[in-house]
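The values are calculated or read from the model by the stated rules, or taken from the named source; none is laboratory data. Everything numeric in this text was worked out from a predicted model, so none of it was measured. Every residue, glycine among them, receives a Cβ derived from its backbone with ideal geometry; neighbour counts consider all protein chains shown. Keep in mind that these areas ignore ligands, DNA and RNA; they rest on the heavy atoms of the full protein, side chains included. Shrake-Rupley method; radii C 1.70, N 1.55, O 1.52, S 1.80 Å.
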Amino acid sequence: MNFNRIVIKVGSALISPDENGCSGIHVQAIAHFIIKCHQASKEVILVSSGSVAAGRQLIKHGSPVPSIPTKQAMASVGQMKMMANWQRFFDVPCSQLLITHDDLKDRQRYINIKNTLRTLLANGIIPIVNENDTVATEELKVGDNDNLAALVALVSEADCLFILSDIDGVYNKDPRSSNDAEMIHEISEITDEIYAMAGTTNSLIATGGMKTKIQAAQKAVENGIETYILNGTNDQAFEKIIAGENPGTHFLANQEVSKAKKHWLKHTLKSHGQLLLDSGAVNAVKNNGASLLPSGILSIAGEFLAGESLDIIDAETKTIVAKGICQYNHQDLFRIKGEKTDRIQSILGCCPSKVIVHRDDMVIM
Ligand code: GLU
């Protein structure tokens, strides 16, 4: 298993295969795989569909395609069932994150989601994300959990994304109507031809079809995240993955991306201020791969918002040692600079982040 942090998207067809509440039939094998990942020190985030499907029988509806408020009510009652269905397979706690597209577009909320996920993972918890179906109207929605999973992979800086449904992978023709359809095991470039092969979905319960899976794969691979479409109804698919084989379709990640991110931080992202560090903090950041803590900050300059880029400067030599994205705005940072991390809460009344600039958001100059 060649990844460290994985996002696993589980489609409604796996949670509620007969559209009658939640089932453990496929979830059990997926949970078993997640436990194996944990045993191998991998971090796992789940993006689970199935709230609407799980609540479907509990809300009266006359037509096969329920109205939006009816679906939202189904999601509201079904979300609890879906979460409980997952938790029963794990000894470690699961946590719930319900988000909308707007949350991911807003810079402050984006950082909040990122920090929450980091903290949950650091505490050995399994975050389970779904769209906040009951509050999101159509324009606020990501719309399908395939694309949501790709966005979650981006915000969590995962290096791998699994999109699990009841199909084996991408075929060159529709396998339901063509006996000679062949699966494509590796896709290095997502072209119009690949989209044309995808077709559309006929399922009553799933929102996305193959098209949204390919869109999601495209978002992920463009950001350097290895992506697989796999059949979650097939227990052997997980055994194969553990054995280093590929039972589905693998979309190869763009290898240039991590270099590009560093380049972006270094050259493109405009600095909005400066942080001057003492020699201990300079050493920790430069030589020990550490995140920047408030205690090593001697002074700050400039006015900036949380999420903006700053120059990180050695106060003694006045040289730039790093560049990075700051978790706090200048007013808050002014109050906590030089302080121990565990004082942030009492000074600010909250502690949105224990670090000022996270290691993953920093590039050494
Ligand atoms: N958020 C929806 C649900 O949980 C599903 C969306 C999707 O499957 O793409 O039921």
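Would you mind telling me which residue in GLY62, GLY169, GLY248 has the biggest mean-square fluctuation in a Gaussian network model of the chain, where springs connect alpha carbons within a distance under 10 angstrom?
Ranking GLY62, GLY169, GLY248 by mean-square fluctuation puts GLY62 first.
Of the listed pairs LYS141/LYS262; LYS114/LYS337; LYS81/LYS354; LYS286/LYS337; LYS105/LYS262; LYS141/LYS213, which have alpha-carbon separations greater than 24 Å here? Mind dumping the intermediate values first?
On the way: LYS141/LYS262 31 Å; LYS114/LYS337 22 Å; LYS81/LYS354 34 Å; LYS286/LYS337 19 Å; LYS105/LYS262 22 Å; LYS141/LYS213 16 Å.
Violating the 24 Å limit, Cα to Cα: LYS141/LYS262; LYS81/LYS354.
In the stretch 78-202, how does Rg compare with the Kirkwood Rh, expressed as the Rg/Rh ratio over alpha carbon atoms?
1.02
Taking 0.36 nm per intervening residue step and subtracting the Cα-Cα distance, what contour gain separates GLU339 from THR268 on full extension?
Stretched out fully, the GLU339 to THR268 stretch lengthens by 22.5 nm.
Could you give the length gained on full extension between MET80 and ARG176, defined as 0.36 nm per residue of separation minus the Cα-Cα distance, in nm?
31.2 nm
Once the Cα gyration tensor of the stretch 1-150 is found, what semi-axes does its equivalent ellipsoid get, as square roots of 5 times the eigenvalues, in whole Å, sorted largest first?
Calculated on Cα positions only, the semi-axes equal 26, 20, 11 Å.
Any idea of SER279's accessible area? Nearest 10 Å², probe 1.4 Å.
80
What is the set of long-range amide H partners of ILE126 at a cut-off below 5 Å, with H atoms built 1.01 Å from backbone N?
Distant-sequence amide H within range of ILE126: CYS94, SER95.
Which one, HIS185, ALA196, CYS160, is farthest towards the positive end of the dipole of the stretch 106-205 when Lys and Arg carry +1 and Asp and Glu -1 on their Cβ?
CYS160
Looking at the chain only, what percent of DSSP beta bridges run antiparallel? Nearest 5 please. List each step's numbers first, then the result.
Working: 19 of 51 bridges.
Beta bridges within the chain, antiparallel portion: roughly 35 percent.
If you count only protein heavy atoms with a 1.4 Å probe, what accessible area per residue comes out for the chain, rounded to a whole Å²?
About 47 Å² of surface per residue is accessible.
Give the ranking of LEU154, LEU117 by solvent-accessible surface, highest area first, calculated with a 1.4 Å probe. Kindly include the intermediate steps, with their values, before the conclusion.
On the way: LEU154 45, LEU117 5 Å².
Largest to smallest exposure gives the sequence LEU154, LEU117.
Under a straight-distance cross-link criterion of Cα-Cα below 21 Å, which lysines are reachable from LYS36, leaving out those fewer than 8 residues away in the same chain?
LYS9, LYS240
Report the charge-dipole magnitude of the stretch 51-131 in Debye, nearest 20, computed about the Cα centre from +1 at each Lys and Arg Cβ and -1 at each Asp and Glu Cβ. Intermediate results must be reported in sequence, preceding the final value.
Working: 10 positive and 5 negative charges, 19 e Å.
Magnitude of the dipole: close to 80 debye.
What does the extension gain come out to for ARG107 and ILE125, with contour length at 0.36 nm per residue minus their alpha carbon separation? Kindly include the intermediate steps, with their values, before the conclusion.
Details: separation 18, 0.36 × 18 = 6.48 nm, distance 2.46 nm.
Full extension of this stretch gives 4.0 nm more.
Going by the alpha-carbon gyration tensor, a ≥ b ≥ c the square roots of its eigenvalues, is the stretch 257-365 rounded (a/c under 1.5) or, if a/c is not under 1.5, prolate (a/b greater than b/c) versus oblate?
Taking the square roots of the gyration eigenvalues as a ≥ b ≥ c, the stretch 257-365 is prolate.
Using a 1.4 Å probe over the heavy atoms of the protein chains, calculate the carbon and sulfur portion of the accessible area of the stretch 212-274 as a whole percent.
Values: 1510 of 3170 Å².
Within the stretch 212-274, the accessible surface is 48 percent carbon and sulfur.
Using the Kirkwood radius over C-alpha pairs as Rh, can you work out the diffusion coefficient of the chain via Stokes-Einstein at 20 °C, viscosity 1.002 mPa s, in µm² per second?
Once the numbers are plugged in, D ends up at 97 µm²/s.
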